[in-house]
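Taking it in order: structure first as structure tokens, then the write-up.
The values are calculated or read from the model by the stated rules, or taken from the named source; none is laboratory data. As the structure is a prediction and not an experimental result, all values here were calculated from the model. Cβ: placed from backbone, ideal geometry, glycine included. Neighbour counts: every protein chain shown. Quick note on the areas: whole protein, heavy atoms, side chains included, nothing else; ligands and nucleic acids left out. Shrake-Rupley method; radii C 1.70, N 1.55, O 1.52, S 1.80 Å.
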Amino acid sequence: MHHGPDHHGPDHHGPDHLDRTDPEGAIAAAAKRCSNWGRWGADDVLGTLNFLDEAKRREGAALVRRGASFSLSQSFDTDGPQKGWRRRTNPVHTMTDTGTDAERGVQGFPHGIGGADDVIAMPLQCSTQWDGLGHIFDHGMAWNGRRAGDVVTSLGDSVTGIETVADLIAGRGVLLDVGRAVGTDGELPDGFAITTEHLEATIAAQGASAAVGRGDLLLVRTGRLTRARRDIAEGRGWGDYAGGAAPGLSFTTADWLHATEVAGVATDTWGFEVRPNEFDVAFQPLHQVAIPNMGLFIGEMWDLDALAADCAQDGQWDFWLTAAPLRVTGAVGAPVNPIAVK
């Protein structure tokens, strides 16, 4: 494994040290270095999912050996982590027909048949989800150089709505368990910035099956969800899992994410990047580079624990991953129940 200030990965071009007082300058420079605008033509709506081609999908499918499957989704229920920030609440699940109604014979069906029905109301990004390309803007500009107001209106995202990728997010998944490789007892502390060096050290520790490259769906486990679940079990509740301090990717990994040409990246945290962010005054600066400029799909609040335990046991860190977002027309993000198969 690589440690110390002298190691630079072959694809690492960004600055190691940030000026905490200048987020604007750092974001502008990284956006310029990592921009994929025009790379796939002026009309592109897929961003980095262009890297995930049919050959990559066949490669991913060939990783199914045992047939063991893992859901990487958290629950969708009222016991979730949301606290109402920007109207993000936990799902509200309501029954519209019940077994009680069936027993009472009030449903109006013939010959004794009865049934149950239900409805759910929820923000689309309240649990395990993908960020779509219309989710974040940079100075009023959306993915591929479009004006934000020409993309997302009160009617939704008419250009890069999540439905445009509903059939594409399936291929080779690879898990980098940074919490296990460089953390303590499988977890990174809140505020821990995962650098390119940490990612490369994790790949080195995990071995050949953890290689990350073009078209891969990269999963990064920090252990933050593990800690939240322990807090819940011990009576402390979710705490600040949603929007509070957390380990996550350093702003300086933008160049590595761009150079490796991953199709998407997901973490077990609320916001993907380290919080507090690495500038004195900032809000999710890596999002600002990755989504509108790089066209990178970002997944958040994924549950990677069971998969990580299995990967650690058999030493195989790549797998078939299907993670299709719910096809909500015009949505800028959508819930997903990702399935990893080994």
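Candidates are the residues of the range 239-278 that are in a loop (DSSP other than H, G, I, E, B), open to solvent by 10 Å² or more (accessible area, probe 1.4 Å) and not acidic (Asp, Glu); the one that is nearest to Leu307 (Cα to Cα) is Trp270.
Being surrounded by fewer than 20 Cβ atoms within 10 Å (Cβ to Cβ), in contact with a helix residue (DSSP H, G or I) (Cβ under 9 Å, 6 or more places away or on another chain) and part of a helix (DSSP H, G or I) is the requirement here; does Ala205 meet it? Yes, satisfied.
Residue count for the range 248-276 satisfying the condition of being under 14 Å from the mean Cα position of the chain (by Cα) and over 22 Å from Val336 (Cβ atoms): 1.
Within the range 208-238, the residues that satisfy the criterion of being part of a helix (DSSP H, G or I) and either over 30 Å from Ala61 (Cα atoms) or within 19 Å of the chain's Cα centre (by Cα) (or both) are Ala210, Arg224, Leu225, Thr226, Arg227, Ala228, Arg229, Arg230, Asp231, Ile232, Ala233.
Scan the range 42-70 for residues that are open to solvent by less than 30 Å² (accessible area, probe 1.4 Å), within 23 Å of Leu257 (Cα to Cα) and either assigned to a helix (DSSP H, G or I) or among the small types (Gly, Ala, Ser) (or both) and the total you get is 6. Cβ-Cβ distances below 7 Å connect the following pairs, each with a first residue in the range 183-198 that is at negative phi, a second residue that is part of a helix (DSSP H, G or I) and aliphatic (A, V, I, L, M), and a separation of six or more residues or different chains: Leu188/Val178; Ile194/Val178; His198/Val178; His198/Val182.
Kindly provide the set of residues from the range 100-118 that are among the hydrophobic types (A, V, I, L, M, F, W, C) and open to solvent by less than 80 Å² (accessible area, probe 1.4 Å), ordered by number.
Ala102, Ala116
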